[in-house]
Amino acid sequence: MIGLIVNPIAGMGGRVALKGTDGVVEEAIKRGATPVTPNLVKLFLQELANYDIKVKFLTGPGPLGEDFLKEFNFPYEVIKHRNISWKEIEGVKIPDTTREDSKYLAKQMIGKVKIIVFAGGDGTARDIVEVVGKSVPILGIPSGVKMYSSVFATSPEDAAKVLVNFLNNNAKLEEREVLDLDEEAYRRDELKVKIYGYSVVPIVETLIQGSKEAMKVDEKEELEALTEAVAEEILSENGVYFLGAGSTIMRIKEKLKIDGTLLGVDIVEVKDGKAKLLVKDASEKDLLKFIDRDPKVVITVVGGLNFLFGRGNQQFSPNVLKKIPKENIIVVATPSKISGGFVRVYTGDKDVDRKFKGFIKIRVSPWMEKLVRAI
């Protein structure tokens, strides 16, 4: 018996630059957001259906899990719970669910399931672990905006592969951190990360992400020289730049003398050696408005997670990335961020992911680039 818990509104704030969904669903929809979790849960179940395994799911009613399992041939039982109502905002229908639904379902699964698979982000992981602790292994289908905890598979398809390995006794169990950010602080461009607990997670190497890492102290001087060199090169070439999130890129923004965001994407125009901020904390729609100006994208690798696209920068959506040539992607990172020898790309669009996979150049010092495999 496998537990399946779905947070159906997770991830809606990402592409519209809200950096999360907790408490801001209506604002996200007003900015043009639509649900992203349903498709990701279906990708998980589609991949799982390819394997010859016998499983039965224990899940929640309607959009908490039942609606997705109805489309597949897996047997399942539905936990008795409240009727989930729906509401319509700006023409978008969403279920009226809360974190208490996830916590209730998790509590009902204790002692009945071998593992709980959930779809959501760090907030959902935190809610579930608050209830089950280490009594039940958990595995995250990544569908949130913030996914810094080391309980998530690297993609929905990889979550299915990890589950199959676990059921076949080919995955080791490890204690992993459950982290969460203060979303209100996050929206104010402050990064406040806290460990909320530890969970037991099935581990298959390369299929489970690590947790976000802080920059190493002994790399600060190297980073200063690297970002100085990149900023000078940006100022030497006129054009439009999409500058991504993170402390590495923030250093570049500071050297360009623009009032950019630490945790969002900024649109900048360079002309005659000077940078001008066009859009601060841009959304997917903002990026698309400038896509015809052949923009260059400057991003870094998320330390510990190894992601270029797919974690913390969902504004770079498939619709945006399909229109940007691979050679227009400038990746800046300290050596420790690529010590694993690879980086990840997962946008949910296989064609877009394929476009950026293979070897990619990463600038690691003022005078050196490394070719690193993007998977």
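Here region 355-375 is the region considered, the condition is being open to solvent by 40 Å² or more (accessible area, probe 1.4 Å) and of a type in the set (A, V, I, L, M, F, W, C), and the residue that is nearest to Leu207 (Cα to Cα) is Ile375. The combined condition, being within 19 Å of Glu100 (Cα to Cα) and either assigned to a helix (DSSP H, G or I) or open to solvent by less than 60 Å² (accessible area, probe 1.4 Å) (or both), is not fulfilled by Pro38.
For every residue, the table says whether it meets (1) in contact (Cβ under 8 Å) with a residue 12 or more places away in the chain; (2) open to solvent by less than 10 Å² (accessible area, probe 1.4 Å); (3) touching a helix residue (DSSP H, G or I) at 6+ places or on another chain (Cβ under 7 Å); (4) of a type outside the set (Asp, Glu).
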{"site": "Lys107", "(1), (2), (3), (4)": "yes, no, yes, yes"}
{"site": "Ile115", "(1), (2), (3), (4)": "yes, yes, yes, yes"}
{"site": "Phe118", "(1), (2), (3), (4)": "yes, yes, yes, yes"}
{"site": "Ser143", "(1), (2), (3), (4)": "yes, yes, yes, yes"}
{"site": "Asp158", "(1), (2), (3), (4)": "yes, no, no, no"}
{"site": "Val162", "(1), (2), (3), (4)": "yes, yes, no, yes"}
{"site": "Leu167", "(1), (2), (3), (4)": "yes, no, no, yes"}
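In region 322-333, which residue that is touching a strand residue (DSSP E or B) at 6+ places or on another chain (Cβ under 7 Å) and either in a loop (DSSP other than H, G, I, E, B) or of a type in the set (A, V, I, L, M) (or both) is most open to solvent (accessible area, probe 1.4 Å)? Taking the candidates together, the pick is Ile330.
Restricting region 334-354 to residues that are in a strand (DSSP E or B) and open to solvent by less than 40 Å² (accessible area, probe 1.4 Å) leaves a set whose member that is farthest from Glu284 (Cα to Cα) is Val343. Only one entry in Val193, Val200 is open to solvent by 10 Å² or more (accessible area, probe 1.4 Å), over 18 Å from the mean Cα position of the chain (by Cα) and in contact (Cβ under 8 Å) with a residue 40 or more places away in the chain, namely Val200.
Identification of strands (runs of 3 or more DSSP E) wholly contained in region 44-107 with 2 or more residues that are within 20 Å of Ala28 (Cβ to Cβ) and not small (Gly, Ala, Ser) yields 86-89, 92-95.
Listed here are the helices (runs of 4 or more DSSP H) enclosed by region 210-291 that have at least 2 residues being open to solvent by 40 Å² or more (accessible area, probe 1.4 Å), of a type in the set (Lys, Arg) and touching a residue at least 24 places away in the same chain (Cβ under 8 Å): 247-255. Here region 120-141 is the region considered, the condition is being more than 22 Å from Arg311 (Cβ to Cβ) and in contact with a helix residue (DSSP H, G or I) (Cβ under 6 Å, 6 or more places away or on another chain), and the residue that is surrounded by the fewest Cβ atoms within 10 Å (Cβ to Cβ) is Val131.
The values are calculated or read from the model by the stated rules, or taken from the named source; none is laboratory data. Quick caveat, the model's predicted, so the values are computed rather than measured. As a convention, Cβ positions derive from the backbone with ideal geometry for all residues, glycine included, and neighbour counts pool all protein chains shown. Side chains are part of the model used for accessible areas, which takes the heavy atoms of the whole protein and leaves out ligands, DNA and RNA. Shrake-Rupley method; radii C 1.70, N 1.55, O 1.52, S 1.80 Å.
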